[in-house]
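Since the structure comes first, as structure tokens, the remarks are kept for the end.
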Amino acid sequence: MPLDEYRKKRDFSKTPEPDGSTAPARKKGGELFFSVQKHLASHLHYDLRLEWNGVLLSWAIPKGPSIDPADKRLAMQTEDHPYAYGTFEGVIPEGYGAGIVMLWDRGTWTPEVPDVDAALRKGDLKFTLDGFKLKGSWALIRTRGFGGGSKPSWLLIKHKDEWAGPVAIAEFAPLSVKTPEADFADILAADNPDVWTSNAPAKTGDTGKLFQRIIRQAVEMKEQGKKRTSGDEEPKAEGKRQKAKVPPKPKAKAKKAKKAKKA
Ligand code: MN
């Protein structure tokens, strides 16, 4: 237990320090960080990171988070990451996780349960996110039977609330929250890529090929992004979240339909 040492060193009949048994006492230490890193590696995925006990609990989500409560997104638990990893954005040139990492969302998270460790053991963690893209109430539910990794598989599910909606948030808001308007190609092209080196990579002969494929994919995604943004005008005079709830309108078609009606 992360607080065992803290508790062993203190006698709570003698110190006014909190014993950490209640959520508000723990919150005195500051808010809990969360981030989602969009990771273009051998397969595109999104890494959810929740600060807990000084490290980042981590899940890899192949399809990315969805703000539609009807979607249950597979989230494969991965190894805890160092806290400093949470805002990393840059290029991993080779080895484990080789590819491009974009800081896709960041903010704070708040448990909706009195005991996070118990909730994690039980496999049912409810929490609130306050990020730029992801907000409101969520659940991580541990599952059996699929995922296939050594760590368990979970499902990430958005609860119904004012921050939920039938929007493909990953496609609607695909860019970095760290480098304004940056996509994978921009991160790759940055003059001094911030290279994460703590996972001392093992060299493999396939790395060169893999990275070439990743670069091609980054360029393709940039082209797709250009097409998408040039095709739709942004709706005006609406809040950001409202915008997110309005699907792009097929304007040309709508005009043609009107003309057809008149004729
Ligand atoms: Mn990853």
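The values are calculated or read from the model by the stated rules, or taken from the named source; none is laboratory data. If you're wondering where the values come from, they're calculated on a predicted model, not measured in any experiment. Counting neighbours? That spans all protein chains shown, and the Cβs are built from the backbone with ideal geometry, glycine included.
Miscellaneous remarks
- Verdict on residue 25 being more than 12 Å from the chain's Cα centre (by Cα), away from the ligand (no atom under 16 Å from the Cβ) and at pLDDT 95 or above: no
- Residue in segment 52-68 that is over 22 Å from residue 178 (Cβ atoms), among the aliphatic types (A, V, I, L, M) and within 11 Å of the ligand (Cβ to nearest atom) present: no
- Search result, residues across segment 42-70 that are crowded, with 18+ Cβ neighbours inside 10 Å and outside any strand (DSSP E or B): 64, 65, 66, 67
Per-residue answers, yes or no, for (1) at pLDDT below 85; (2) over 19 Å from the mean Cα position of the chain (by Cα):
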residue	(1), (2)
141	no, no
174	no, no
197	yes, yes
201	yes, yes
213	no, yes
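- Selected residue (criterion: nearest to the ligand (Cβ to nearest atom)) from residues of segment 96-141 that are in contact with a strand residue (DSSP E or B) (Cβ under 6 Å, 6 or more places away or on another chain) and assigned to a loop (DSSP other than H, G, I, E, B): 98
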